């Protein structure tokens with residue numbers, strides 16, 4: 001399921017995985033959960049933002065033009 | 001020293017333009033780079049230090065970046081190398097873990113058992129919000145965590161993650177798989193009482 005979730009399968013494998021999920025509610029429920037979890041992790045992680053001061057400091061690292 | 005020729009002057013101007021453009025593109029990516037950096041290390045302070053070191057080095061070695069290739073991956077490669085240099089153990093020797101690893105569906109099964117019925121997305125989010133992703137992530141051994149952060153938070157492909165960390169794709173997959181299992185196990189401890 002993992003590579004399918006990550007879209008790292010080739011076409012034939014994708015079709016096989018999808019066919020299985022179509023017919024198997026056990027896997028389908030767990031697949032949907034994995035998708036929700038993945039989305040949630042990304043959202044929770046995105047809450048960690050750069051402080052504006054850091055952005056300024058990075059900007060100050062630019063090579064000065066003469 | 002003689003004055004630069006017209007050709008030379010044009011070359012210098014073009015190079016300056018390329019460099020300025022490179023630096024601006026790199027800065028535009030800083031939010032995304034930070035999002036990954038923040039979860040690779042333990043604290044905000046460490047992440048900020050790492051970001052400054054990374055961008056200083058990136059700007060110094062801008063000529064070694066091939067235009068048109070993945071700049072975000074290039075920056076993250078510098079960042080992860082700097083992180084290793086800061087005294088962490090070698091990427092190639094993952095720390096042995098005595099963590100009790102659960103199966104892939106452990107979290108799902110526990111949540112569903114606690115609910116007494118199939119889960120819907122809203123309920124899943126509600127339950128997960130009761131825990132802390134950051135705390136759970138911190139429990140994952142760093143070699144596994146690096147891969148999970150790059151793929152699940154940084155949204156890099158297996159191939160990009162492999163390049164960034166300088167490990168084989170097979171290793172990316174196995175570490176990712178274990179990282180996810182450990183993370184889910186930690187979340188289960190937090191949200192299912």
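The numbers here are math on the coordinates, done by the rules we state, and not lab data. Keep in mind that what you see is a predicted model, and the values were worked out from it rather than measured. Here Cβ is always computed from backbone atoms with ideal geometry, including for glycine, and neighbour counts include all displayed protein chains.
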Quiz item: According to the Kirkwood expression over distinct Cα-Cα pairs, how big is the hydrodynamic radius of the stretch B:6-85, in Å?
Solution: 13.4 Å
Practice problem: Return one number: the angle in degrees, 0 to 90 and rounded to the nearest 10, between the long axis of the Cα atoms of helix B:44-60 and the longest principal axis of the Cα atoms of chain B. | Solution: 30 degrees
Practice problem: For chain B, with a Gaussian network of springs between Cα atoms less than 10 Å apart, report the residue from B:72, B:102, B:60 with the top mean-square fluctuation. | Solution: B:60
Quiz item: Distance in nm between label sites at residue B:109 and residue A:2, each 7 Å beyond Cα in the beta-carbon direction?
Solution: 1.8 nm
Quiz prompt | Inter-chain Cβ neighbour average for residues A:10-21, partner chain, 10 Å | solution = 0
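Can you tell me, using C-alpha contacts under 8 Å and at least 6 residues apart, the relative contact order of chain B as a whole percent?
Reported relative contact order: 26 percent.
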Quiz item: Based on the alpha-carbon gyration tensor of the stretch A:2-59 and its eigenvalue square roots a ≥ b ≥ c, which shape applies: rounded if a/c is under 1.5, prolate if not and a/b is larger than b/c, or oblate?
Solution: oblate
Quiz prompt | Helix-only CD estimate at 222 nm, as mean residue ellipticity for chain B, using -39500 (n - 2.57) per DSSP H run (n ≥ 4) | solution = -21000 deg cm²/dmol
Self-check item: Packing-based exposure ordering (other Cβ within 10 Å, fewest first) of B:142, A:20
Solution: A:20, B:142
Practice problem: Determine, for B:127, B:117, A:55, B:184, the number of other Cβ atoms within 10 Å of each Cβ, and report the residues in order from fewest to most. | Solution: B:117, A:55, B:127, B:184
Quiz item: Could you give the distance between the Cα centres of the stretch B:128-142 and the stretch B:1-51, to the whole Å?
Solution: 32 Å
Quiz item: Counting other C-beta atoms within 10 Å, which of B:157, B:64 has the fewest, and how do the rest follow?
Solution: B:64, B:157
Quiz item: What share of all Cα pairs of the protein assembly as shown, in percent, falls into each consecutive 10 Å distance bin?
Solution: 6, 26, 30, 20, 11, 4, 2, 1, 0
Exercise. Kindly provide the pair-distance distribution of the stretch B:141-185 built from C-alpha pairs, with 10 Å bins from 0 and whole-percent values in order of increasing distance.
Key: 34, 59, 7
Exercise. Determine, from the Cβ-Cβ distance of residue A:26 and residue B:155 and an R0 of 25 Å, the FRET efficiency 1/(1 + (r/R0)^6), rounded to the nearest 0.05.
Key: 0.35
Quiz item: Hey, in the GNM for chain B with a 10 angstrom Cα cutoff, which one of B:71, B:183, B:150 fluctuates hardest?
Solution: B:71
Quiz prompt | Average silhouette area of the stretch B:106-191, convex hull of alpha-carbon atoms, in square nanometres | solution = 5.7 nm²
Practice problem: Give the distance, in whole Å, between the Cα centre of the stretch A:4-28 and the Cα centre of the stretch B:145-162. | Solution: 21 Å
Quiz item: Residues of A:44-56, mean number of Cβ from any other protein chain within 10 Å of their own Cβ, rounded to a whole number?
Solution: 6
Quiz item: Which values, in whole Å and largest first, are the semi-axes of the equivalent ellipsoid of chain B obtained as the square root of 5 times each eigenvalue of the Cα gyration tensor?
Solution: 42, 17, 14
